[in-house]
Amino acid sequence: MDTTNNISSNLRERWDYYDPIESSIELNELFDALSKAQGEMEEAKTDSKNPFFKSNYADLASIIRASRKVLAKHGLSVIQPVRTFQDKRYLFTRLGHSSGQWIEGGIPLCPPKEDIQSLGSYITYLRRYCYAAMVGVVSSGEDDDGEKAMDRKTIDKMVHCERQKV
């Protein structure tokens, strides 16, 4: 049985305004496994320090450490490829199950600067948030890295990126 849910042409045309969640047709086994995995997951440790903002946060490695073994135990895995769609780059996060069921979401890549260092940091930042959101990992303690790290220039760049979609 084909478990691929093809995006309709109407939705593809609206991609510029809206980042769809795609999935296999059936999701029952995936969500059953995910609920079991979430029940066993540890909190991600906020053991990374941002000296500039004097804050602690759970880095990507901490989030993966808190979830990977439990996800694998229940037949779940995560991949996060960067792909181009309609001349725009997106980070996709796909949660897959050994049954072949999957769910995926994408977010546009609009780094504040276009050099490779900024792009790498930006992708890592998005991977951390998208991975945690997809699998339901939470961090222990206060994780304010995202809030305190935002500045007006970054927000303006994100708004500019969003406006380009319209």
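The values are calculated or read from the model by the stated rules, or taken from the named source; none is laboratory data. For clarity, every value in this text was computed on a predicted model and none was experimentally measured. Using ideal geometry, Cβ is built from the backbone for each residue, glycine included, and neighbour counts are taken over all protein chains shown.
Data for the structure
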{"item": "Residue that is surrounded by the fewest Cβ atoms within 10 Å (Cβ to Cβ), among those in the range 64-97 that are under 15 Å from VAL135 (Cβ atoms) and among the polar types (S, T, N, Q)", "result": "SER77"}
{"item": "Single condition LEU119 does not satisfy, out of (1) under 17 Å from ASN28 (Cα atoms); (2) part of a helix (DSSP H, G or I)", "result": "(1)"}
{"item": "Condition check for ASP2: at pLDDT below 85, over 22 Å from VAL138 (Cβ atoms), touching a helix residue (DSSP H, G or I) at 6+ places or on another chain (Cβ under 6 Å) and of a type outside the set (Ser, Thr, Tyr)", "result": "no"}
{"item": "Number of the exception - SER35 against (1) in contact (Cβ under 8 Å) with a residue 24 or more places away in the chain; (2) loosely packed, with under 13 Cβ neighbours inside 10 Å", "result": "(1)"}
{"item": "Hits in the range 102-121 (condition: surrounded by 13 or more Cβ atoms within 10 Å (Cβ to Cβ) and within 19 Å of ALA132 (Cα to Cα))", "result": "TRP102, ILE103, GLU104, GLY105, GLY106, ILE107, PRO108, LEU109, SER121"}
{"item": "Answer residue from the range 122-149, given it is outside any helix (DSSP H, G or I) and modelled with pLDDT under 55 and is surrounded by the fewest Cβ atoms within 10 Å (Cβ to Cβ) among those", "result": "ASP144"}
{"item": "Residue within the range 38-48 that is buried (at least 16 other Cβ atoms within 10 Å of the Cβ), aliphatic (A, V, I, L, M) and either touching a helix residue (DSSP H, G or I) at 6+ places or on another chain (Cβ under 9 Å) or at pLDDT below 90 (or both) present", "result": "yes"}
